[in-house]
């Protein structure tokens, strides 16, 4: 093959090149699903635990205690966790189909 010559279908095709359907490998997708599910569960549960109330970084700014302990902030963080959980479940469903 010379420089500037277009690739033929045999040279740039799967398995050496990207998959034809544009999806990643199965192991990458499984890790992505596990990552999303784990982050989602942590973000849903953590704001309502003892660890959130006694966080070292929150103690650095005592004037913001009302903000950090607000149920609105906790709900927002849990909402981001629900989104992550939804992404993980959607990806798992698309893998399974």
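Data for the structure
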{"read-out": "Residue in the range 25-37 that is at pLDDT below 95, exposed (fewer than 13 other Cβ atoms within 10 Å of the Cβ) and part of a loop (DSSP other than H, G, I, E, B) present", "value": "yes"}
{"read-out": "Count of residues meeting criterion [part of a loop (DSSP other than H, G, I, E, B) and closer than 30 Å to residue 25 by Cα] in the range 52-97", "value": "1"}
{"read-out": "Conditions (1) within 20 Å of the chain's Cα centre (by Cα); (2) at pLDDT 95 or above; number of the one not met by residue 72", "value": "(1)"}
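The values are calculated or read from the model by the stated rules, or taken from the named source; none is laboratory data. All figures in this text were calculated on a predicted structure; none of them were measured in a lab. Cβ sites come from the backbone with ideal geometry, for glycine too, and all protein chains shown count toward neighbours.
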